Every structure is written in C-alpha cells, then in structure tokens.
Amino acid sequence: MPGIYWLASYPKSGNTWFRTFLRNLQNDGDQPVDINDLATGSIASHRGWLDEVLGFDTAELTPDEVERLRPAVYRWALREREIGYHKIHDAYTLTSDDEPLVSAPLGALYILRNPLDVAPSAANHWHCSIDAAIAKMADPEMALARSRKSLPSQVRQRLLTWSQHVLSWVDAPGLNCRVIRYEDMLHDPLSTFGLATDFLQLPRNRLETAIRFSDFRELARQEAEKGFRERPQHTERFFRAGGSTWRDKLTQEQVDRIVTDHGAVMRRFGYLDENGDPVSERT
Amino acid sequence: MPDRFHYTCYGLTIQSQLPLPELLHAVSSVPEIAPAEVDIRIGPVAPEGLPGGTRLGPFLWVTVSSLWLQVPKVARFLVSEGREIVIDPEPGIDADSLRVFLLGSALGALLFQRGLLVLHGNAIRIGEQCMVCVGHSGAGKSTLAAGFLRRGHEILADDVVPVATDCRALPGFPRIKLWQDAADRLDIDTQALRRIRPEMEKFNYPLFDQFADRPLPVRWVYILGSHARPETLFEPIRGMARFQPLHANTYRVRYLEGMALKSEHLKLCGKLAGRIRLARITRPEKGFELDALIDRILADVAEHP
C-alpha cells in the first residue's frame, strides 16, 4: 500500500543521521552513500512540494492559509506508486479545520533525544546562546520559518515546546507511531535500527552494512573531507560529537531549568531516574 | 462603470469584467472592430473539476484545451483554449486576492495553451536583448530584479515569463512583487505601495518608465539558488545539458501533463537552449551580497554578448 512514513523529530535530534542510515539501507552499494546526496524524500515543509501539488504559489498565501492546505497535499501522496519516507519537524497539530496536519500516514517514526543534549546542539544550530535555546524549547509559540516579510524556501513549522512536540506525536490518537531514542541508536544500533527498519516495512538484508556506513566517524570523516551541504553557514561542523556532552556544556542552573520545563516527558522516556535526576548515558 | 475593461499584456489584447489596475490599458481599443484576444469574466465554474479530464492535484484538473484550478477560500478558475478565463469567486473574497491568482497561475496556464514556453522567473532588459533569472520560490529572484531596477535596468516580466517561438520574451505588465525584506534592503519605502493581498507583507512595486514594453530576444538565463555555505558558486552549463534545467524551471511544469502541448514545449525548450548562455548561480542562504552578485552577472553578460 503506498503512502507516507514520516520521520518526525524536534530539530537536532538525529533526523539527518537517521536519513543517512535509511539512504544506506536503500542503496545497494559497497561504499557509504555520499552525505551530500541524502535524497530520502522531501521535508514536509518544502515549499516546492506544496506548490507542485497545489498548482498555485504558497508564496501568495498567509502562513495560516498554507497550513490549512497542507493535509490535502500529503493526502495526494496516497496516489503515488511507492511508499515515501519524508522528514518532518512540525509538531503533530490540528489545522483550523480540526484536521491533522499530516492526515492518514502509514505511520510516523519519532526520533527522540535527551533535551539536555538537544539544547546545546540547537543553540549551535540556531546560532544563539544555550539560554536562548532553552527558552525556545519552552516556548509554546516556537515555530521555524516564521518570517512574514520574506519568502523562506520552507513554510512555517509549529514546534510548540519540546515536551509538547514529543507528546503531540507519540500520543496522537489513531496515529501509528513508533519511538526510537537517539541514545539507543548510538549504543544499541542493531536492535534500534532493526526495529525502525521493520516498522518502515524495509528489508533487513543490508541492516548491518547500513549501520556501519552511517556511523558517526564515517559521517564526520566525509564532512571533514568534502563538507556537508546541509550544514548551517555559521557552524563549523554539522556532525559533531554525536554522544552525550551536556555535562560539559550546561551549567547546573541550565540543567535544572530543562528538568523543570520537561521533567514529566524526560521521566517517561528514561532521561530521569526515580529521584528525578538526569541519568548518565550508558558507555 | 463599463462592463469590460481593456488591457494589453504579453502581447495580447485582453477584455476583463474585473478591473486589473496592474495592467497597461489598451491604447486604441475598438472592441467592435477587433475583438480582444482574451476574455476574462466572472461566472460559474463547476465545483467538481473537469469530467473526462486528468486530475493533476487536489485542486487541479486539465484537459487538452482547459485547465481548472481551485484556490480554496479564494476562487475557482477555468482557463480555456488560450482565449478565456472564467473566475468564480468565493463569497466575500477581495479583488486583490482574485488578481494575484488570476495574473499568476490562471494567466500562466492561458499562455501555455497558446503554445508559449513559460519560464518561472524575471526578464530584465540588457541592451536590445534580455536576461531571464529563474529559480525556485525563495531563491531571491525578486530581490535580484529589484537590484537591477536600482541600477537603471528595465523589466519585461516578473514571475511569469512567456517566450515565443522566435525565442523572444514577451513583456507582461509594469509592476514587480516585492517582499518587505527586499524593500528594506533596497531602501524602498512601502508606506505608499499597495499590498498584493491585504494580509501580506508583499507589495506591488510599479515600474513606470522602467518597464520594457517590447519583446526582446532571450540571450542569457541564470538559475538562482542558495546553499548553506558562505561562497557564491557560478557554474556555466553548456551543450545538451542546457535543456533539462530550462524544462525544470518552466512555470508550473505539471500543467503540461494532459494538455497535449508537451512535444511543442520540449521543442521550444530545445530551441531556446541552443541559443542562450546558461549558468547556475548558488548564493549563500544568509548574507545575500546583492551588488556583488549583480556585478558578477553583468560581467558574465559582457563576456557573452
């Protein structure tokens, strides 16, 4: 059955890393896929995708008008012959017509990462201080590409707060959603990527090769050698440490703030222990 | 009020029930003697699309001779035979919103039906020829066009650039659409400008005497794009490789499916590809060095007269 699997995540949670895995899984090569050729589908917010299906310019519409039309665009993909795997950073929200933004997908793979590690990574990506990133992660009005004075190549994406983003997807009524954690991709790749592979209805025959080809050292090696085209201009490297570094990057006050803002969701997904303290990453 | 207003654009005479202030008035319209080539009127358009046609999208149908387009909460448009556009407005919609989609998608479809190659970009006059800058939405085409304007260049067409079989671009109407950000960059005060639609920070910028009102041969095409790196790339495309990018930068290329015009379109693409200088320009996403980019393009133009 054709349709869409969404690869959903809050920004800086491993979506690009997962796409390199997926590309290597689908590509029948004996070399790792070029990180500058990660054509695993589109991103939900890509203006070109919307314009092509709609037949008129979203550039002439307000962000609210565009949002109302997005479900019809994704429904149209049900007519495609093949399953599509597309990235999405939007939270799972309802439009003003009370319709899910991404209506009737085959499913959603939600990639979750410890918010203590998302914050410094997002600060680097958004070119702001860690405190500002923490504030954005707690802002229910947070959205990407929200400018109304110019024309970004992506349409507005509502993120909500980090916690709301997670819950919007994982608790969405009637949505076939599977969660994988970034930390498990790192420390237990075979079973984590294996589970994702099964969920996405893909064959397992290249699973181990794809994991090896999308190892962080391989990605960092390629980036050092030829650069990475999705890297924001002001950052030095996209594929950075990979592992958990928040203990070196956050002050105690920043850790406390994130735990205060997102404690309930962190506890639910194993990022806090029974005392409410952040867990140490397995080594 | 007259029951029809008379205009000219893209080399066509147009009569319209809807006033179209962006367009030039027809100089000598004697409609009784020479009927207009295009008729635009308000009327019913069936809500269910085109029976027997091809459905190309949730809001789009085509047949060999017609295109049906719905812009939800704005209007339905039926474009037929390259001669007629019927607009069925949603109750309470403002005329500005109707005109945005009429002068964009609907008129673009009509130009296709007339066998023209329609490029998605801006046409800028350079001497007795013209340069067309194409690229996806958000690439910076409007900002670049406004930059050329400030340098004293004339503009033939903004957004929709039809190219005739003799490879000349046809002049549209004397305005460009300008986002507030682009206006700020060029010190253009938008206070007195009319908004494209009431709720948008995007303006009608009239060209006055900087409108090139004659068809001009297309000599240069530049494909504008952006990337997340600090350098600007300038990559000429030569030989047969020129064909595909032209096709890809056709305005609403999907309209061609089901229109029975594909072979003519491809032929015209090939013909144009054979006579132009074509290059891909990739600029940094952040920090658009507009003046440097214009200098670079003009240097390339001078090298390839």
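Could you tell me which of the residues B:L98, B:L149, B:L170, B:L103 is more than 12 Å from chain A (Cβ to nearest Cβ) and within 28 Å of B:V62 (Cα to Cα)? Step through it out loud before you land on a result.
On the way: B:L98 fails: more than 12 Å from chain A (Cβ to nearest Cβ); B:L149 fails: within 28 Å of B:V62 (Cα to Cα); B:L103 fails: more than 12 Å from chain A (Cβ to nearest Cβ).
Of B:L98, B:L149, B:L170, B:L103, the one residue that is more than 12 Å from chain A (Cβ to nearest Cβ) and within 28 Å of B:V62 (Cα to Cα) is B:L170.
Taking the condition of being more than 14 Å from chain A (Cβ to nearest Cβ), within 21 Å of B:G138 (Cα to Cα) and of a type in the set (D, E, K, R), how many residues in the stretch B:195-211 meet it?
0
Out of the residues in the stretch B:88-141 that are hydroxyl-bearing (S, T, Y) and in contact (Cβ under 8 Å) with a residue 12 or more places away in the chain, state the one that is nearest to B:P198 (Cα to Cα).
Here the residue is B:S97.
Would you please name the residue that is modelled with the highest pLDDT, looking only at residues in the stretch A:220-246 that are part of a helix (DSSP H, G or I) and surrounded by 12 or more Cβ atoms within 10 Å (Cβ to Cβ)?
A:W246
Say we look at the stretch A:31-65 and pick out the residues that are within 11 Å of chain B (Cβ to nearest Cβ) and among the β-branched types (V, I, T); which of these is nearest to A:F21 (Cα to Cα)?
In this case the residue turns out to be A:V53.
Could you grab the pairs with beta carbons closer than 6 Å, sequence gap of 6+ or different chains, first residue in the stretch B:230-245 and farther than 28 Å from A:P232 by Cβ, second one surrounded by fewer than 16 Cβ atoms within 10 Å (Cβ to Cβ)?
Taking only residues 6 or more apart or on different chains, the pairs are B:F243/B:G270.
For the stretch B:125-153, which positions are part of a loop (DSSP other than H, G, I, E, B) and hydroxyl-bearing (S, T, Y)? Give the derivation first.
Here is the first cut: in the stretch B:125-153, the ones part of a loop (DSSP other than H, G, I, E, B) are B:127-128, B:135-140, B:151-153.
Once the filter is applied, which keeps residues that are part of a loop (DSSP other than H, G, I, E, B) and hydroxyl-bearing (S, T, Y), the stretch B:125-153 yields only B:S137.
Which residue, of A:S163, A:S150, is of a type in the set (G, A, S) and under 22 Å from A:V265 (Cα atoms)?
A:S163
Where in the stretch B:227-305 are there helices (runs of 4 or more DSSP H), lying fully within it, with 3 or more residues that are more than 30 Å from A:E230 (Cα to Cα)? Spell out the reasoning first.
Details: elements: B:243-248, B:262-273, B:290-303.
Result: B:262-273, B:290-303.
Give A:R221, A:R268, A:R240 a once-over and let me know the one that is more than 19 Å from A:L7 (Cα to Cα), charged (D, E, K, R) and within 19 Å of the chain's Cα centre (by Cα).
The conditions single out A:R240.
Considering only residues that are out of contact with any Asp or Glu (no Cβ under 7 Å at 6 or more places or on another chain) and within 14 Å of another protein chain (Cβ to nearest Cβ), which ones fall in the stretch A:214-237?
A:E223, A:K226, A:G227, A:F228, A:R229, A:E230, A:R231, A:P232, A:H234, A:T235, A:E236
The values are calculated or read from the model by the stated rules, or taken from the named source; none is laboratory data. Since we're looking at a predicted model, the values are computed, not measured. Using ideal geometry, Cβ is built from the backbone for each residue, glycine included, and neighbour counts are taken over all protein chains shown.
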